[in-house]
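Notes to accompany the following structure.
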Amino acid sequence: MCGIVGYIGDKKAKPILINGLLKLEYRGYDSAGISTLENSEISCVKNKGRVSELNDLAEKQNLDGSIGIAHTRWATHGKPSSENSHPHMDNNKAFSVVHNGIIENYSELRDFLTKKGYHFLSQTDTEVIPNLIHYYYFQDTSDDSAKFLRAVKRACDDLNGSYAIEVISSLSPDRIIVTRKDSPLVIGKGKNENYISSDIPAILSFTKDFYLLNDNEYVEIFKTGEKFYDRNLKSIKKDLKNIDWDATAAEKDGFEDYMLKEIFEQPRSIRETIGSRLRENEKTVLDDICLSKEYLASLNKIYIIACGTAMYAGLVGKCLIENLCNIPVEVDIASEFRYRNPIIDKKTLAIYISQSGETADTIAALKLAKSRGATTLAISNVIGSSITREADYSIYTHAGPEIAVASTKAYTAQVTLLSIIAIYFAETLGSCNKGLLNELKSDIFKLPEQVEEILSNLNDLKAFAKEVHREHDVFFLGRGNDYAVALEGSLKLKEISYIHSEAYAAGELKHGPIALIEPGITVVSILTNPLLLEKSISNIQEVVTRGAKTLVITNQELKNYSFDMVLRIPKTNPYLSPVLSVIPLQLFAYYISKEKKLDVDKPRNLAKSVTVE
Ligand code: G6P
């Protein structure tokens with residue numbers, strides 16, 4: 001959940017580390033800190049609060065080293081405070097560590113170290129790490145240059161849980177040692193310098209060449225080179241990977257916030273996700289997966305597992321796959337799936353959706369299905385992310401880096417990709433008539449332009465959002481895919497405006513929630529399926545009668561009805577309509593958040609990548 005950065009080279013580390021932390025703040029932002037090494041001495045500054053505050057503090061200190069590690073925190077153990085901020089040091093200040101993840105057995109390790117005479121200054125799980133390293137360093141009687149590495153490895157052998165760790169030491173002042181387990185970490189290679197980060201965009205403006213670290217690998221990083229080791233410290237070779245994301249794509253590009261920029265990027269991200277996969281009158285190409293007709297025909301169930309927005313994209317995927325492929329699909333929340341003993345066997349395909357590819361529950365749910373014989377397919381936006389390395393097959397959305405905590409362009413890219421996968425499965429199986437598949441393909445090709453059209457006419461929506469921004473409850477209604485979008489619209493509003501909201505399947509309204517409808521309450525309805533139109537309109541009438549203020553998002557003709565606002569979106573196949581109907585909902589939440597003067601990109605209590613349970 002936290003973000004980590006590191007630098008070793010000729011330049012001063014401090015500005016590079018601060019720059020990286022600012023880009024990583026969306027991973028956690030309750031405290032931050034940096035340590036640098038100079039003349040075999042470690043200097044450390046850390047503070048509760050945002051990176052900008054750390055920067056002010058660091059300005060006043062002598063942090064001139066050209067080797068350094070840094071961290072931005074989202075608290076898990078111990079409240080946000082200066083003592084609990086990273087980096088953490090051992091009692092003798094010989095080792096400084098930043099850590100992303102959770103050490104589950106930290107209290108046993110604390111007891112062990114306390115008995116050996118160590119004491120602790122923080123409430124964190126992390127503080128055991130530098131002290132364990134110190135302990136093992138001085139247990140080791142040999143005196144060679146690998147002593148530091150061995151101590152880190154022996155300490156990590158004692159850790160249960162997840163971690164990405166950077167360590168510097170005054171006893172080996174020419175290197176940074178890093179390792180990871182179930183938590184992301186990349187190394188960016190420069191000329192006579194190396195960068196480290198938990199996330200590619202943070203260092204993308206410095207280099208495009210990356211080493212992607214696997215679990216339990218260790219690296220000694222020097223100014224001019226790096227040495228890789230496996231879990232037994234046997235030397236290994238790793239290939240550099242060129243990541244051709246545009247560094248400016250990770251910046252705001254003149255938009256007021258990342259979220260707004262990402263909303264407006266959707267025509268492009270949908271277009272790039274379609275790429276050359278979809279072809280009119282030809283079979284869909286998904287190079288990355290190879291699932292035969294026999295295999296697909298043998299399936300008795302497909303699971304789609306994810307968290308948050310990605311799970312809501314999965315609900316749209318279910319509708320597509322069930323209807324085009326005639327295979328039952330169950331969508332589940334990863335944190336539920338992993339603990340509910342789901343029925344899985346060789347005839348199960350488990351699809352995992354994760355923008356970051358690092359969500360702890362999604363990864364654990366994937367490991368579970370894999371261990372029980374299912375074939376696993378990951379859908380992710382981040383190349384080389386943990387989930388893609390665990391899965392049997394991976395396929396990428398090409399949404400580019402998503403920085404705002406509230407997911408927008410990743411959702412529309414996920415739904416687009418799920419529709420392409422459903423078509424690919426249907427073509428492979430021969431389960432659906434070609435006419436419908438061709439119609440769907442041509443509707444998918446139109447989506448980017450249709451999103452542009454929605455984005456070009458937003459004034460009425462902005463005005464409606466202004467009217468609503470002081471309210472305490474908002475309801476979202478829809479049926480079928482419109483219900484799936486209602487869930488996502490409601491989540492967006494909660495996340496960034498802090499207004500309580502609920503999404504209901506419109507037919508459920510009478511089974512309870514209608515009791516909450518009173519004059520003035522806002523109800524947002526989505527109406528895009530002509531087959532369900534009449535029924536949904538009746539449901540909206542029921543709330544209008546009770547005095548609700550209504551916003552209706554639709555691509556249908558709605559004559560003779562009086563709603564407070566009707567926002568028209570272009571027509572498309574109902575299977576695909578979520579890609580279009582979600583856009584006004586994203587902006588509705590955005591405008592309300594701005595009207596309330598909230599931090600749109602970094603909403604309170606949330607983090608972009610939930611790498612802990
Ligand atoms: C967090 C984010 C959400 C995201 C969810 C799943 O809660 O704030 O925006 O939908 O994690 O993330 P993933 O990276 O797995 O898609």
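Summary table below
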item	result
Percent of Cα pairs exceeding the 22 Å cut-off, where the set is the stretch 3-244	47
Sequence-distant residues sharing a close amide H with GLU38 (under 5 Å, placed H)	SER43
Subset of LYS189/LYS602; LYS23/LYS241; LYS60/LYS93; LYS494/LYS597; LYS462/LYS494 violating a 24 Å alpha-carbon distance limit	LYS189/LYS602
Net charge of Cβ neighbours under 13 Å - reference VAL544; Lys, Arg +1; Asp, Glu -1	-1
Net charge contributed by nearby residues that have their C-beta within less than 13 Å of ALA506 (K/R +1, D/E -1)	-2
Hits among aspartates and glutamates - C-alpha to C-alpha of LYS434 under 17 Å, sequence gap 8 or more where chains match	GLU280, GLU282, GLU322, ASP443
Length-normalised contact order of the stretch 3-244 in % [C-alpha pairs under 8 Å, at least 6 apart]	20
Aspartates and glutamates whose Cα lies under 12 Å from that of LYS283, excluding same-chain neighbours fewer than 8 positions away	GLU427
Gyration tensor verdict on the stretch 215-373 (Cα atoms; rounded if a/c is under 1.5, prolate if a/b is larger than b/c, oblate otherwise)	oblate
Carbon/sulfur fraction of accessible area - the chain, other protein chains in place, 1.4 Å, %	47
Surface accessible to a 1.4 Å probe, per residue, for the residues of the chain, Å²	38
Farthest toward positive dipole pole in the chain [+1 Lys/Arg, -1 Asp/Glu at C-beta], among LEU109, SER170, ILE569	LEU109
Principal axis dimensions, the stretch 379-469 - Cα atoms, whole angstrom, descending	50, 38, 20
Spatially proximal aspartates and glutamates relative to LYS347 (Cα-Cα < 13 Å; intrachain offsets below 8 disregarded)	GLU294
As computed over the stretch 252-455, the Cα convex hull volume per residue (Å³)	106
Over 44 Å [Cα-Cα, the chain], rounded percent	24
Counted charge near ILE270, where neighbours are those whose Cβ lies closer than 15 Å (Asp, Glu -1; Lys, Arg +1)	-2
Estimated distance in nm for a label pair at LYS293 and ASP230, the labels positioned 7 Å out from Cα along Cα-to-Cβ	4.1
Distance between the stretch 498-563 and the stretch 136-207 - C-alpha centres, whole angstrom	55
Cα centroid of the stretch 270-327 to Cα centroid of the stretch 399-425, whole Å	12
Unit charges on C-beta of K, R, D, E only; dipole of the stretch 3-244, Debye	240
Value of D in µm² per second that Stokes-Einstein yields for the stretch 424-576, Kirkwood Rh from Cα pairs, at 37 °C (0.692 mPa s)	197
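The values are calculated or read from the model by the stated rules, or taken from the named source; none is laboratory data. None of these values were measured; they are calculated from a predicted model. In this analysis, Cβ positions are derived from the backbone assuming ideal geometry, glycine residues included, and neighbour counts consider all displayed protein chains. Note: accessible area is taken over every heavy atom of the protein model, side chains too, but ligands, DNA and RNA are not part of it. Shrake-Rupley method; radii C 1.70, N 1.55, O 1.52, S 1.80 Å.
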